[in-house]
Amino acid sequence: MLKTFHVKTKTRDQMIDVTRDIQTWISEQQIEEGFVIVSSLHTTAGITVNENADPDVKTDFLRRLDELYPWEHQKDLHMEGNTAAHLKTSQVGHAQTIIITNGRLALGTWQGIYFCEFDGPRNRKFLVKAVQV
Amino acid sequence: MLKTFHVKTKTRDQMIDVTRDIQTWISEQQIEEGFVIVSSLHTTAGITVNENADPDVKTDFLRRLDELYPWEHQKDLHMEGNTAAHLKTSQVGHAQTIIITNGRLALGTWQGIYFCEFDGPRNRKFLVKAVQV
Amino acid sequence: MLKTFHVKTKTRDQMIDVTRDIQTWISEQQIEEGFVIVSSLHTTAGITVNENADPDVKTDFLRRLDELYPWEHQKDLHMEGNTAAHLKTSQVGHAQTIIITNGRLALGTWQGIYFCEFDGPRNRKFLVKAVQV
């Protein structure tokens, strides 16, 4: 089963928790055991699994990444000017695989699935493939 | 098939080779062709595949990551104070997928699977889902 | 289905687009729906999904990674001297999973699959496992 999800980002860097949307769809598909592949279709936005509790983690996370990969860099050649966003995307990964068991995403207490925007605001989409196995 | 593995870490940053434990379990399950998903259930500990030969690689690896993501950072908001561990976890990844062929993890000569602790010492666990396909 | 691909790298750091080779093989296997796991068998070369359009992105990408992980580092212990390459490999990932739909890799317009050499030039190989599901 494959589904396209849409997300509208509001700032240049943003982490959006998509766990509930994915879980709802898995429940509708009645998948009990298996896994999902969650895959961004963009080169300046990725997917990661990280803390869903304290929102300050997202703020710190994006700010620290921005310090490592500053938007402006005098040696960058890429004319679009978003080289930093490409690096951040490969760092977190364009996609993540999450196990499903007992009909639920097998995440720890504090884990959530995040769509990571690094060159917003934009209209974005990601694919989720669910496999019963 | 799904199994929970437990690991007890001893220091704040530590890479623990879990390749043999996973291979032993795969062999017990008699999986010949397929793959495994190895997934940390924590937001401050991840999984990576890297060198299993010279232990100095682990030392260098953890020290260099610590230089990029220093534990103390005056701008961090997260009250728990472990923002660096969250970033390191997303950098290596919360999970890895490894192909199985001929009953063995399809790793190169020098590759091993590591549980990466970034906020220890703690009692940790990770899931391994093995798929015959 | 499992296939070993060979790649000959020419410089120390190099991103090689392998999307077409993988797509050709998937088409030969007549896989319509499923996914592939693309996995490097090395600890100093990984796989990432990133921009396939402007070649300057690759140049920027590799140069910026080299700034974060300089080849020479006076604290490195690893005698082989390629600690930086190990870190870069874990950063991009040793492997990536890509969804297949309608017989095609489900990549966005600008996404390509790259073999990432971080300690070349060398003769390298990577595995691709394709699953119809």
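Readers should treat all values here as calculations from the given coordinates under stated rules, not as data from a laboratory. The structure displayed is predicted, hence computed values, not measured ones. As a convention, Cβ positions derive from the backbone with ideal geometry for all residues, glycine included, and neighbour counts pool all protein chains shown.
When only residues in the range C:100-130 that are of a type in the set (Gly, Ala, Ser) and either surrounded by 16 or more Cβ atoms within 10 Å (Cβ to Cβ) or within 10 Å of chain A (Cβ to nearest Cβ) (or both) count, which is nearest to A:Ala130 (Cα to Cα)?
Ranking the candidates gives C:Ala106 first.
Taking into account only those residues within the range B:14-43 that are in a helix (DSSP H, G or I) and hydrophobic (A, V, I, L, M, F, W, C), which is surrounded by the fewest Cβ atoms within 10 Å (Cβ to Cβ)? Show your work before the answer.
The first filter runs over the range B:14-43 and keeps only residues in a helix (DSSP H, G or I), leaving B:19-29.
Now narrow it down to the ones that are hydrophobic (A, V, I, L, M, F, W, C): B:22, B:25-26.
On the way: B:Ile22: 20, B:Trp25: 16, B:Ile26: 23.
Top of the filtered list is B:Trp25.
Looking at C:Asn82, is it in contact (Cβ under 8 Å) with a residue 40 or more places away in the chain and not hydroxyl-bearing (Ser, Thr, Tyr)?
no
Counting just the residues of the range A:74-133 that are polar (S, T, N, Q) and over 19 Å from B:Thr89 (Cα atoms), which one comes out nearest to the chain's Cα centre (by Cα)?
A:Asn123
Which of the residues spanning the range B:50-97 are surrounded by fewer than 16 Cβ atoms within 10 Å (Cβ to Cβ), within 10 Å of chain C (Cβ to nearest Cβ) and in a loop (DSSP other than H, G, I, E, B)?
Scanning the range B:50-97 gives B:Ala53, B:Pro55.
State the number of residues belonging to the range C:85-108 that are in contact (Cβ under 8 Å) with a residue 24 or more places away in the chain and over 20 Å from C:Thr44 (Cβ atoms). Full working, then the answer.
Pass one, the range C:85-108, residues in contact (Cβ under 8 Å) with a residue 24 or more places away in the chain: C:85-86, C:88-105, C:107.
Of the ones still in play, those that are also over 20 Å from C:Thr44 (Cβ atoms) are C:97-105, C:107.
Summing the residues that are in contact (Cβ under 8 Å) with a residue 24 or more places away in the chain and over 20 Å from C:Thr44 (Cβ atoms) in the range C:85-108 gives 10.
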